[in-house]
Every structure is written in structure tokens, then in C-alpha cells.
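Every number in this text was worked out from the coordinates using simple rules, so none of it is lab data. In this text, all values refer to a predicted model and were calculated from it rather than measured experimentally. Reconstructed Cβ throughout: ideal geometry from the backbone, glycine too, with neighbour counts over all protein chains shown.
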Ligand SMILES: C[S@@+](CC[C@H](N)C(=O)[O-])C[C@H]1O[C@@H](n2cnc3c(N)ncnc32)[C@H](O)[C@@H]1O
């Protein structure tokens, strides 16, 4: 199937206005391949027909499906360990033990779940397995497809490269029979995470409290500087004074706002004022 320049331009604008993901001209082939599958699923024959459907009232949910099919979801367990060490060795030990409210983290572009499960292992190790009520973790993404995988918590066992081999049996269940070669995060850990569909650019976030830490890693790179600014300022309103915003190792938000101090290349602290 071929996609005309005109329709490609319209798809780009739709995706940008909904998610701020900027599909360059170089992504045309990817868009063609991914959406061709969707068009066949719907029993349609070409992009013109599909686009008329997308613009009709019945086609409204297609925006989410298009974004879902175009997002880049690469992630892995214990990705970029220096940032994780900062959580384990600096942020958590600073935590005031007399506090009665739970330590809270929002992992806001959580993809297929490896990142929030990594964080929950670090939290379990710090607080002790029996103290799950002392922390809470919200994991969110714009894509329902990746959230479904995240919630199921089933992975190829070969993807599990953990810094401490004892954590494999502590936090994962080995698959047997038809599930041989797979591993599943234990329910006790899965149940301590709330998974939500949140578009970082939606009007409001569904929280009536602020977080101690927000992990927003390897998603900022998809947005231009103005959108990064808009996003960081929005996230800041959900971060406690003295809380941390963590970004990916190829992302820098220095100069985006005056309210954050860079402590390490990927860790920014919200000023207490
Ligand atoms: C490359 S993955 C990064 C996953 C993980 N944070 C990590 O560092 O390994 C980027 C994720 O951002 C999500 N994403 C992209 N645009 C988004 C938006 N506007 N709102 C929420 N999530 C978004 C994608 O669906 C994808 O799962």
C-alpha cells in the first residue's frame, strides 16, 4: 500500500497534536508498514479509505491505535544502572524513616514494564519484602499495547539480567510447560504497582498527591525543546519540594526550568522554595 504525501502530513499532525511525537519524513516507511497491517485488519484497501474512516466519528479511537502502533518501546531490566544506583544509594537512604506516608514513585513512560519492575525490586530490597505498604509505584504509558504486557509481567527468561542473581527466585516465577523459557514477575510485586494509561500531554494527570521521585526516561528525546519545557514544568507540579526528576542518559533538561538543580547528569532535584 502507498501513502500519499498529503495523508502522511495529516497523520504527522494528528500524532504530534495528540502526543507531541514528531514523525520526521524519514518515518514514512515505518508508518506505511505499521498502518498497512491495521488497514488490512479493518478490511480496507487503501490509505484514502482509512483516512476518511479516521476522520469520521466512528474512527475516533483510531488516534490512540495509530500512536500505539508508532511508538518506540525499547527498554530493559536495570537499564542505565548509574541512575538506579542514585535511587538506591542516595535518594532512598535520605528518606525520613519516621514518615508515615508511603514513599512514592511515578514511572511515567514505563513501556512493557521492565523499568517499573526494576524500580520495585530496588524498593523491595530497601524497605524489606514485608514492607510493601511503605512504598507505592505508579507506572504509566500512552500505549495500551505495552501496558498490557507490563501488567501481565511475563518476559523471556533470557531478558532477565539482574545485578544480583538471588533476585531471580526472589521476585520471578519460572514458566513451565507451554511457558518454558519464560518468567513471570511474582504477584506480590506486580500487585504493588498501579498501571495507568496517561498521555504526558493530556490536560490533567489523575493524581491528588505529589511524588517523591518521577522517572521520565528515554521519552524526552522524542519531543522538541518547547515540548520538553512544557512537560518538565507539568511534571514539576506533581513533584514534592526536594523530590527528584530522573531522565535518560542521553537527555539533558538543564536550562529548561529554574526550579530544578542538576545533581548528577540524570538526576534533578526540585528546589524547596
Ligand atoms: C523508549 S521507551 C522508554 C521506556 C523506559 N522509560 C526506559 O527508559 O527503558 C518510550 C516510551 O514512551 C512512551 N511514550 C511516547 N510518547 C508518550 C506520551 N506522549 N505520553 C506517555 N508516554 C509516551 C512510548 O509508548 C514508549 O513506551
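Where both partners of a DSSP beta bridge lie in the chain, what percent of those bridges are antiparallel, to the nearest 5? List each step's numbers first, then the result.
Numbers: 13 of 31 bridges.
DSSP beta bridges in the chain are roughly 40 percent antiparallel.
So if I take the centroid of the Cα atoms in the stretch 245-273 and the same for the stretch 43-59, what is the distance between those two points in Å? Result: 43 Å between the Cα centres.
Short to long, the 10 Å bins of the Cα pair-distance histogram for the stretch 75-190 hold 13, 45, 34, 8, 1 percent of all pairs. Eigenvalues of the alpha-carbon gyration tensor of the stretch 1-65, scaled by 5 and square-rooted, set the equivalent ellipsoid semi-axes at 17, 15, 10 angstrom, largest first. Projected over every direction and averaged, the convex hull enclosing the alpha-carbon atoms of the stretch 227-273 yields 2.9 nm². Packing-based ranking of 113-120, 241-248, 257-264, 217-224 yields 113-120, 241-248, 217-224, 257-264, ordered from highest to lowest mean Cβ neighbour count within 10 Å.
For the stretch 81-270, relative contact order (Cα pairs under 8 Å, six or more residues apart, normalised by length) works out to 21 percent. Centre-to-centre separation between the Cα atoms of the stretch 5-24 and those of the stretch 210-228: 20 Å. Convex hull volume per residue, computed on the Cα atoms of the stretch 34-129, equals 148 Å³. Taking all C-alpha pairs of the chain, those more than 28 Å from each other amount to 41 percent.
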